Amino acid sequence: MLLSALVVATALSQTPAPRMRVAIQDLDLDRPEHVEILVRRTRAASRDYCARHIAVVTPDRMGTPAVCERNMATLAFHALPDHARDSLIRSGQSRRFR
C-alpha cells in the first residue's frame with residue numbers, strides 16, 4: 001500500500017511553527033517491520049522537530065522536551081489516513097504513538 005507523505009500541522013500556538021513531516025509512502029503498515037520503521041521515523045521526526053520548535057509548540061514545557069515529542073507523535077498518529085491508522089490499531093501498535 002502506498003501512502004502519501006504524512007504531514008502534521010501544529011496549530012498549538014499563536015505563532016505557527018513549520019509542519020513536521022514523516023515519510024510513509026514506502027510503508028505497508030500491515031507488515032510489522034514497516035510499523036517498526038514508522039515508529040522510529042516518528043520518534044526521530046518528533047525529537048528533531050521539538051529540538052527546534054519547543055518554544056512554539058509547548059512553551060510551558062521548555063525543560064521537558066518529552067512532552068513535546070509525545071504530543072507530536074500523537075498528532076502524527078491522528079494525521080494518518082484512516083486505513084493506515086486502522087492497520088496500526090489492529091496490530092496493537094497504536095499505543096506507541098501516545
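We did not get these values from a lab; they are worked out from the coordinates using the rules stated. Keep in mind the model is a prediction, meaning the values are calculated, not measured. Glycine also receives a Cβ, built like all others from the backbone with ideal geometry; neighbour counts cover every protein chain displayed.
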Could you go through the range 39-50 in sequence order and give the Karplus-derived ³J(HN,Hα) for each residue, using 6.51 cos²θ - 1.76 cosθ + 1.60 with θ = phi - 60°, rounded to whole Hz, and x for Gly and Pro? 4, 4, 4, 5, 4, 5, 5, 5, 4, 5, 4, 5
Would you mind checking which residues have amide H under 5 Å from Met20's amide H? H placed 1.01 Å from N; only 5 or more apart, or other chain. Val8, Thr10
Each residue of the range 86-98 in turn: what ³J(HN,Hα) in whole Hz from Karplus with 6.51, -1.76, 1.60 and θ = phi - 60°, glycine and Pro shown as x? 4, 4, 5, 5, 4, 6, x, 9, 4, 4, 6, 9, 10
Under-5 Å amide H pairs with Leu27, H placed in peptide plane, nonlocal only: Leu3
Can you find, among Leu80, Cys68, Gly92, the residue farthest towards the positive end of the dipole of the range 12-98? Put +1 on the C-beta of Lys and Arg, -1 on that of Asp and Glu. Cys68
Which ³J(HN,Hα) values, rounded to whole Hz and listed in residue order, are derived for the range 55-62 from phi using the Karplus coefficients 6.51, -1.76 and 1.60 in 6.51 cos²θ - 1.76 cosθ + 1.60 with θ = phi - 60°, glycine and proline given as x? 5, 8, 6, 9, x, 7, 10, 4
